[in-house]
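Okay, so here's the structure we're looking at.
The values are calculated or read from the model by the stated rules, or taken from the named source; none is laboratory data. Note that the coordinates shown come from a computational prediction; the quantities given were computed from them, not determined experimentally. Using ideal geometry, Cβ is built from the backbone for each residue, glycine included, and neighbour counts are taken over all protein chains shown.
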Amino acid sequence: MPIKFECEHCSQSLEADDDMAGEYIPCPHCERLIGIPKMSLPPAVTAPAVSAPPVPRAVTMPPKAPQTSGLAIASMVVGILSLVGGWMCCGVIIPIVAIVMGHIAFSQIQRSPETMTGKGMAIAGFTIGYVALLLAIIVSLVLGTAAASMTAILNEFTKAFGQIGVPQR
Ligand SMILES: [Zn+2]
């Protein structure tokens, strides 16, 4: 059970393992010497340490509630938009935007998972982006091929009619 207490100098909320009770440590917030109470609140008002020198040990501040990465949300939204229709009008640009934003958001969250969440959304963002990019490439290939074969067919018709000398009927 961690002991919860407040720094007697700056009132920062702190937590320490109960095997550190009674020790004197520098406050991680204001760096002044504080005694760790034997139990959680109320904080013990102890006399400043005259005895043991402070042992540098880990005292952590309770983590703040992590926030969802805005970039991860944006990546997922843009990814979905690109999948729904972005590839029809703007080709590969929108999927690439979703992929880039997703990867940036993902690495930011990896680096500081205690302050940011949304890894799932970032992964969804770049995954959907890749799918949309693939779709965009396939669509442009299919359209390009179709256009090319249409031209070839028309050319053949024109040539054939030209040779027969019967332009139309
Ligand atoms: Zn303090």
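Overview of values
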| quantity | calculated |
| --- | --- |
| Cβ-Cβ under 8 Å pairs, at least 6 apart or on other chains, segment 14-28 side within 9 Å of the ligand (Cβ to nearest atom), far side acidic (D, E) | L14/E6 |
| Unique residue being within 25 Å of P113 (Cβ to Cβ), in contact with an Asp or Glu (Cβ under 9 Å, 6 or more places away or on another chain), at pLDDT below 90 and away from the ligand (no atom under 14 Å from the Cβ) when the list is M61, M1 | M1 |
| Contacts under 8 angstrom Cβ, first residue in segment 66-81 being closer than 9 Å to T117 by Cα, partner part of a loop (DSSP other than H, G, I, E, B) and of a type in the set (S, T, N, Q), 6 or more apart | P66/T115; Q67/T115 |
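The rows are residues; the columns are (1) surrounded by 10 or more Cβ atoms within 10 Å (Cβ to Cβ); (2) more than 16 Å from the chain's Cα centre (by Cα).
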| residue | (1), (2) |
| --- | --- |
| K119 | yes, no |
| I123 | yes, no |
| A132 | yes, yes |
| I137 | yes, yes |
| L143 | yes, yes |
| M150 | yes, yes |
| N155 | yes, yes |
| T158 | yes, yes |
| Q163 | no, yes |
